1. Please tell me the relative contact order of region 1-92 in percent, rounded to the nearest whole number, where contacts are Cα pairs under 8 Å and at least six residues apart.
2. Mind listing the long-range amide H neighbours of H33? Cut-off is under 5 Å, sequence gap 5 or more, other chains count too, H placed in the peptide plane at 1.01 Å from N.
3. Of the peptides 240-246, 157-163, 46-52, how do they stack up when ordered by the mean number of other Cβ atoms within 10 Å, highest first?
4. Under 20 Å from a point 7 Å along the Cα-to-Cβ line of V113: which residues of region 137-155 have their amide N that close?
5. Per 0.36 nm of contour for each residue apart, how much would the distance between L11 and D266 grow if the chain were fully extended, relative to their Cα-Cα spacing?
6. Per residue of region 68-79, in order, report the coupling 6.51 cos²θ - 1.76 cosθ + 1.60 (Karplus, θ = phi - 60°) as ³J(HN,Hα) in whole Hz, putting x for Gly and Pro.
7. Let's test the formula: R0 of 22 Å, r as the Cβ-Cβ distance of E57 and K30. What FRET efficiency results, to the nearest 0.05?
8. Using a Förster distance of 45 Å, how high is the FRET efficiency between L40 and A237, based on the Cβ-Cβ distance and rounded to 0.05?
Amino acid sequence: MLGLLNINKPLDWTSRDVVNRVTRLANPDKVGHAGTLDPLATGVLVVAVGGATRLVEYLQQQPKRYRADFRFGESSASDDLELPTERLDNPPVPTLAEVTAALPPFIGEISQVPPAYSAIKVGGRKSYDMARQGQAVELAPRPVAIHALEVVRYDYPELTLDINCGSGVYVRSLGRDLAASLGTAAVMTQLVRTAIGALQLETAVTVEQLLADGLAPHLLPARFATQHLPQVKLTEAECLELRHGRFLDAGKLVSLRGEAAGIGPDGELVAVIRHENGKLRPSCVLETIQQQKRVCHHT
C-alpha cells in the first residue's frame, strides 16, 4: 500500500489517535503523519501510508492554512481553553480598524515564543510536562513564517482569523502576541486546519469513512507530497535509470537548485532528484504504485 490520506481529525482526538486507527487498517504497512494537531484542533491531518512515509519531510515543507477563533480580554497559561481562563479587569476594546492595523507586523518572517504548554523539549523533557508540574518554563523565540493573515469576523470579544503559514507556527501564540500588541490578552477558542498544500478540508475524509471503506479508496498519489517542488518530466528510460540508483545527465536542468520532483510518463512521482556536479542525483526513488513499495537513498 502506498499513498497519502487527507483526514479530517476529530475534536478531542490526538494526532496519534488517528495514526493508530490507520495503522490497524494498514497493517503491516508503515504509517506516519505530517503536522501534529492538538486535541482541541480539528481539520486536515495528512497521513502517509507504506513507503510514502518517507515523504513526510516534504509534506512538512508545504504551507498550512488555518481558521482560528480567539477571545479578547482573557488569558490562560496554555493560551487556549485547555486550562482555566482568567478575565482581565476593564481591558481595552480594540476597534476593527485597530485589529486590522495590528496585523502587518505579524506577516513575513517573525520571531515567535512557543507556549509553555507545548511538546517542545527542554533538556530532554516536554515543556508541557514541566509546566503541569509547576516548573517554570522559558522557551527561546524561534523564527517562523506567516505568509498571509486576514480578519474573517470580528465581534468583540470574538475574533476569527484566516492564517496561511509555514511549519512550526503556534497559532495560539500568534493570538496571544497580537492581543498583547493591542494592549490586551486573548485565548484561542477554536482551531481548524483548512489545508496543507493542495490538500483541502473540503475533500478530507473522516475516520468513520476509513473504517467503513478501508484505506484503498481514499489513498491519494504520492506526488501530492512534492507539489511545492519544481516538476521535472522524465522518460521511461530515465525512470528506469533512477530506479536503479543511477545519475542522469543534468542537460538543460543544469540550473536546477535544491530538489525537484521527477514525474514519470504516467504522471506519477518517480523520484525526488537534485542537481549535483552536472548530474541529477536521486535522493528518493519511488517504485511504481503497482509494486506497492518505495526505496529511498539518503546520502
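1. About 27 percent, as a whole number.
2. A48
3. Highest-to-lowest ranking by the protection proxy: 46-52, 157-163, 240-246.
4. The answer is 137-146, whose backbone nitrogens lie closer than 20 Å to the label point.
5. Taking L11 through D266 to full extension adds about 88.0 nm, to one decimal.
6. 10, 10, 10, 10, 6, x, 9, 9, 8, 5, 9, 6
7. 0.90
8. In this case the efficiency is close to 0.30.
Here, each number is a calculation from the coordinates, and none is a lab measurement. Quantities reported herein were computed from a predicted structural model and do not represent experimental measurements. Cβ: placed from backbone, ideal geometry, glycine included. Neighbour counts: every protein chain shown.
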